[in-house]
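**Student:** Attaching a single structure in structure tokens format; questions to follow.
The values are calculated or read from the model by the stated rules, or taken from the named source; none is laboratory data. Keep in mind the model is a prediction, meaning the values are calculated, not measured. Reconstructed Cβ throughout: ideal geometry from the backbone, glycine too, with neighbour counts over all protein chains shown.
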Amino acid sequence: MDRTRLGAWAVVVLAVAQAVASLVSVRPDELSVVGALLNAAAGVSAGWLLLRPGRSRWPLTAWAAGFFGWHALGLVTLAGVVTTELDAVFAGSWPREPATAYQAVLATLAGFAVHLLLPRPARG
């Protein structure tokens with residue numbers, strides 16, 4: 001499996017994990033609906049790239065970078081590094097420690113997806 005396909009599958013796993021976590025832990029409100037729509041759009045972008053690997057990977061790379069930024073912000077917010085007043089958004093109904101671990105895992109997964117999806121310079 002090449003890096004592009006692995007990165008696309010990482011985004012699929014990321015979108016599914018986010019969707020499941022928001023359905024399990026958060027009551028349906030505007031934020032969870034917006035999150036579900038963004039996860040669906042990222043899933044469609046990943047599906048297109050998996051079905052047609054020759055297509056541009058930039059839209060999916062942008063989704064992964066956006067997910068990385070969101071979860072990195074959640075991680076530093078829940079860890080107390082910065083104050084964003086978004087603690088309730090990032091923690092949801094979870095205790096603080098599992099919510100922080102969730103943000104750390106998804107930020108790492110999104111970072112690896114970006115790394116895998118970025119084009120590599122030609123060698124030799």
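**Student:** Which of the residues belonging to region 28-57 are over 13 Å from the mean Cα position of the chain (by Cα), free of Cβ contacts under 8 Å to residues at least 40 places away in the same chain and under 21 Å from P98 (Cα atoms)?
**Tutor:** P28, S32
**Student:** If I filter region 84-108 down to residues being surrounded by 20 or more Cβ atoms within 10 Å (Cβ to Cβ) and touching a residue at least 60 places away in the same chain (Cβ under 8 Å), which single residue comes out as farthest from H71 (Cα to Cα)?
**Tutor:** This residue is Y102.
**Student:** Quick one: A62 ticks every box in (1) touching a helix residue (DSSP H, G or I) at 6+ places or on another chain (Cβ under 8 Å); (2) hydrophobic (A, V, I, L, M, F, W, C); (3) part of a helix (DSSP H, G or I) bar one, so which box is it?
**Tutor:** (1)
**Student:** Among what's in region 1-20 and is within 14 Å of Y102 (Cβ to Cβ) and crowded, with 17+ Cβ neighbours inside 10 Å, pick the residue that is modelled with the highest pLDDT.
**Tutor:** L14
**Student:** Counting only residues that are in a helix (DSSP H, G or I) and surrounded by 15 or more Cβ atoms within 10 Å (Cβ to Cβ), how many does region 21-47 have?
**Tutor:** Qualifying residue count, region 21-47: 12.
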